[in-house]
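The values are calculated or read from the model by the stated rules, or taken from the named source; none is laboratory data. Being a predicted model, the structure only gives us computed values, none of them experimental. Backbone-built Cβ (ideal geometry, glycine too); neighbour counts: all protein chains shown. To get the accessible areas, we keep the full protein, side chains included, count just its heavy atoms, and leave off ligands, DNA and RNA. Shrake-Rupley method; radii C 1.70, N 1.55, O 1.52, S 1.80 Å.
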Amino acid sequence: MLLKNLRKIEGQIRGVQKMIEDDRYCVDILTQIAAIKAATNKIGLTLLEYHTRGCVKKAIREQADEGEHYIQELMEVMRIFTR
């Protein structure tokens, strides 16, 4: 699913490049860029969820004494993602 969505974004980016080459209307280009941003955010949120439900959950369960470390790491990733 993620790769399919990334390929779609890749196509959207090529489309924006073509729009710029063709000197298309700026609002149309900006609309496409907004769609690309939304699609990349969706992929990022999906990856954050996979990481939280998989890696973080497992790490806390198996290494409870290091749980705080994994929570801090997750929070740092969320800070980076939401910039």
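Please find, within segment 26-72, the residue that is most open to solvent (accessible area, probe 1.4 Å) out of those that are over 24 Å from Arg7 (Cβ atoms) and modelled with pLDDT of 90 or more. The extreme case among them is Arg53. Are there any pairs, at least 6 apart or on different chains, whose C-beta atoms fall under 6 Å, with the first in segment 23-38 and within 25 Å of Thr82 (Cα to Cα) and the second polar (S, T, N, Q) and modelled with pLDDT of 95 or more, and if so, which? Partner pairs satisfying both residue conditions: Ile36/Gln12.
Close contacts from segment 52-80, counting a first residue that is closer than 25 Å to Asn41 by Cα and among the hydroxyl-bearing types (Ser, Thr, Tyr) and a second that is open to solvent by less than 70 Å² (accessible area, probe 1.4 Å) and part of a helix (DSSP H, G or I), with Cβ to Cβ under 9 Å and a gap of 6+ residues or different chains, come to Thr52/Leu74; Tyr70/Val56; Tyr70/Ala59; Tyr70/Ile60.
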